[in-house]
Amino acid sequence: MSESMTREAALRIALAARELPGVETRALVVALAEKLDLPLTETKLAAVTVEDLREILAGDHADQNCVVGFDAESLKAAVRPLWGIGVEGSELPALDAYAEGDLPNSIRVAVCSNSGEQLDGHFGSCQRFLVYQVSPTALRLIDQRPTLAADQMEDRNVARSALIGDCDIVYVQSIGGPAAAKVVRAGAHPVKIPKAGSAREILGQLQQSLLSPPPWLAKVMGVPAASLAQYAEAAVAEAA
């Protein structure tokens, strides 16, 4: 069974089982495999809801709305490590503290990722979007959004675009034309970086451009382009 799951998934399931007294890790693995199919991956586990876990634990009696022996808070506590929240030693990066409005003059950027804190995914096949809030002085990872549920939808590219509809930019290794159009309609601007690399290093280059944005970035930010400002100033001077 260990060959049918990632190391990350095994760690998450073991921690989830700790939150459910009387439930053995192996039994939980078998139950999750029956629900999610093999291989068990962190992406699949991140899509498990409290109600899913209740049904998994209820087994054959799930349709009878039976009591599974755990209250809602216990089930929530077990689901959190399945999502990768608070998992020490997790291969996924920890989120940075952030509240709306913390970073004035910032933009929100999604990164297509398959491993760690890397930009190493194609838009249509990446396992998750890492979401960063980027300002001229700070760079924070504020969310991780698995794509498994989106891929079950009739139009996966529309569903994936909706996941990052609150983002200004999405960094991808590659993206097809039709998918790019759907991303733009959702409100994000796709940027191709063909060579995989550290998300933070790549976004650090973007961060340096925020104070003096080129035209494409200025449009995304909704501010005048620095490269065009000198011409605007000259026009004003001539008019005077």
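The values are calculated or read from the model by the stated rules, or taken from the named source; none is laboratory data. Small disclaimer: the values here were computed from a predicted structure and weren't measured. Here Cβ is always computed from backbone atoms with ideal geometry, including for glycine, and neighbour counts include all displayed protein chains.
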Just give me the residues in the stretch 19-30 being more than 26 Å from the chain's Cα centre (by Cα), assigned to a helix (DSSP H, G or I) and not β-branched (V, I, T), in sequence order. R26, A27
Identify all residues within the stretch 189-216 that are in contact with a helix residue (DSSP H, G or I) (Cβ under 7 Å, 6 or more places away or on another chain) and in contact (Cβ under 8 Å) with a residue 40 or more places away in the chain; write none if there are none. P190, I193
Return the residues of the stretch 115-133 that are free of Cβ contacts under 8 Å to residues at least 60 places away in the same chain and under 23 Å from A9 (Cα atoms); say none if nothing qualifies. S115, G116, G121, H122, G124, S125, C126, F129, V131
Yes/no for A162 being under 13 Å from the mean Cα position of the chain (by Cα), surrounded by fewer than 17 Cβ atoms within 10 Å (Cβ to Cβ), at pLDDT 95 or above and on the phi < 0 side of the Ramachandran plot: yes
Out of the residues in the stretch 31-54 that are exposed (fewer than 15 other Cβ atoms within 10 Å of the Cβ) and assigned to a loop (DSSP other than H, G, I, E, B), state the one that is modelled with the highest pLDDT. T49
I'm told R200 meets every condition in (1) surrounded by 13 or more Cβ atoms within 10 Å (Cβ to Cβ); (2) at pLDDT below 95; (3) in a helix (DSSP H, G or I) except one. Can you identify the failing condition by its number? (2)
Candidate set from the stretch 2-13 (those that are exposed (fewer than 15 other Cβ atoms within 10 Å of the Cβ) and over 20 Å from P93 (Cβ atoms)); member that is modelled with the highest pLDDT: S4
The stretch 103-120, subset more than 11 Å from the chain's Cα centre (by Cα) and assigned to a loop (DSSP other than H, G, I, E, B), residue nearest to K192 (Cα to Cα): D120
What number of residues in the stretch 14-28 are surrounded by 20 or more Cβ atoms within 10 Å (Cβ to Cβ) and without any contact (Cβ under 8 Å) to a residue 60 or more places away in the chain? 2
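Per-residue answers, yes or no, for (1) assigned to a helix (DSSP H, G or I); (2) at pLDDT 95 or above:
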| site | (1), (2) |
| --- | --- |
| V183 | yes, yes |
| P213 | no, no |
| A218 | yes, no |
| S227 | yes, no |
| Y231 | yes, no |
So, first residue within 18 Å of A99 (Cβ to Cβ) in the stretch 134-160, second residue basic (K, R) and crowded, with 19+ Cβ neighbours inside 10 Å, Cβ within less than 8 Å, six or more apart or across chains; the pairs are Q144/R128
Which strands (runs of 3 or more DSSP E) sit wholly inside the stretch 123-179 and have at least 2 residues that are over 25 Å from L82 (Cα atoms)? 169-172
